[in-house]
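Asks: Dumping the structure here so I can ask a few things about it.
The values are calculated or read from the model by the stated rules, or taken from the named source; none is laboratory data. Since we're looking at a predicted model, the values are computed, not measured. With ideal geometry, Cβ positions are generated from the backbone for all residues, glycine too; neighbour counts draw on all protein chains shown.
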Amino acid sequence: MLERILEKEGMMNPQEVKEYNLLSRRYLTRLGYDKVINSLYNSGRLEGKVIDLGTGSGWLAIELAKRNRDYQIVGVDLSQEMLTLAKQNVSTSLNNYSNLSFIKSDVKSLPFKDDSFDVAVSYASLHHWGGNLLEIFEEIQRVVKNDGLVIIHDLKRDEKNLLFLKTIPSKIMRKLLEASVMASYIPSEIREILRRDPITSQWQAIESTMGLGIEGRVKKRRI
Ligand SMILES: C[S@@+](CC[C@H](N)C(=O)[O-])C[C@H]1O[C@@H](n2cnc3c(N)ncnc32)[C@H](O)[C@@H]1O
């Protein structure tokens, strides 16, 4: 088994930010975000407040805003560089839709009141998150309402993904994605973490060809 090699949390390097923005705009709508969007649509939750955790240059949030004006979406990210691009992407591709905004924040400490959102989504950010994942899941549950949805998808750490990445022509992008694959989890690690808490143990760890997902509902502890 490949050993997990941690990656730095926020993506601030201007060259990497620029390359990642191009990659996500060109490919991820079809090859990655669709997993999150399909799960959200299949849940029947077609309106409400959505938080996109580690939104990067905002393309998942933009795709959701474009498809459904009944979502109010907030993208959060540690990286000001990414958020600056996200705002540019909104103004060039969406005519400044008013149902989308961005805030600089760490997923470990979200600047929102309890029960602010109906849904939390995320794509390709989980593997960056430092600290204790269960505490981060608790923070996500704090800002999502009871019975709200959590849909987090990411890459997974495996040899096949590394082989596939060798075909990518851009050296910067190849190195960046290889580092992301090496920092990603494998489904059994996620299952082991989810099992440690009575609420997250009800969540599902999902495996796909290139990635993995965590999906479940928020259940507030009532005293
Ligand atoms: C690989 S990018 C994915 C961006 C976007 N979700 C997408 O799919 O295009 C990972 C993003 O997560 C952000 N990130 C990493 N750790 C974070 C944290 N602790 N809190 C908020 N954002 C974080 C990074 O700054 C980066 O923009």
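Asks: Look at region 93-137 and say how many of its residues are under 13 Å from Gly75 (Cβ atoms) and among the charged types (D, E, K, R).
Replies: 1
Asks: For residues that are in contact with a Ser or Thr (Cβ under 9 Å, 6 or more places away or on another chain) and within 9 Å of the ligand (Cβ to nearest atom), scanning just region 87-109, find the one that is nearest to Val144 (Cα to Cα).
Replies: Val107
Asks: Can I ask one more? Find the helices (runs of 4 or more DSSP H) located wholly in region 148-223 whose residues include 2 or more that are in contact with a His (Cβ under 9 Å, 6 or more places away or on another chain), and list them.
Replies: Per the criteria, 171-183.
Asks: Next question. Could you tell me which numbered condition Met82 fails, if it satisfies all but one of (1) crowded, with 19+ Cβ neighbours inside 10 Å; (2) free of Cβ contacts under 8 Å to residues at least 60 places away in the same chain?
Replies: For Met82, the failing item is (2).
Asks: Kindly check whether there is at least one residue in region 172-180 that is out of contact with any helix residue (DSSP H, G or I) (no Cβ under 7 Å at 6 or more places or on another chain) and either small (Gly, Ala, Ser) or under 19 Å from Asp158 (Cα atoms) (or both).
Replies: Yes, region 172-180 has at least one match.
Asks: Related question: Is it the case that Gly130 is in contact (Cβ under 8 Å) with a residue 24 or more places away in the chain, surrounded by 21 or more Cβ atoms within 10 Å (Cβ to Cβ), under 26 Å from Val17 (Cβ atoms) and out of contact with any Phe, Trp or Tyr (no Cβ under 9 Å at 6 or more places or on another chain)?
Replies: No: the conditions fail for Gly130.
Asks: So, one more: For region 1-21, what are the residues that are at pLDDT 90 or above, exposed (fewer than 13 other Cβ atoms within 10 Å of the Cβ) and not in a loop (DSSP other than H, G, I, E, B)?
Replies: Pro14
Asks: Considering every residue within region 119-135, establish whether at least one is within 9 Å of the ligand (Cβ to nearest atom), hydrophobic (A, V, I, L, M, F, W, C) and on the phi > 0 side of the Ramachandran plot.
Replies: Looking through region 119-135, at least one residue is within 9 Å of the ligand (Cβ to nearest atom), hydrophobic (A, V, I, L, M, F, W, C) and on the phi > 0 side of the Ramachandran plot.
Asks: In region 20-53, what residues are within 11 Å of the ligand (Cβ to nearest atom) and of a type in the set (Asp, Glu)?
Replies: Hit for region 20-53 is Asp52, nothing else.
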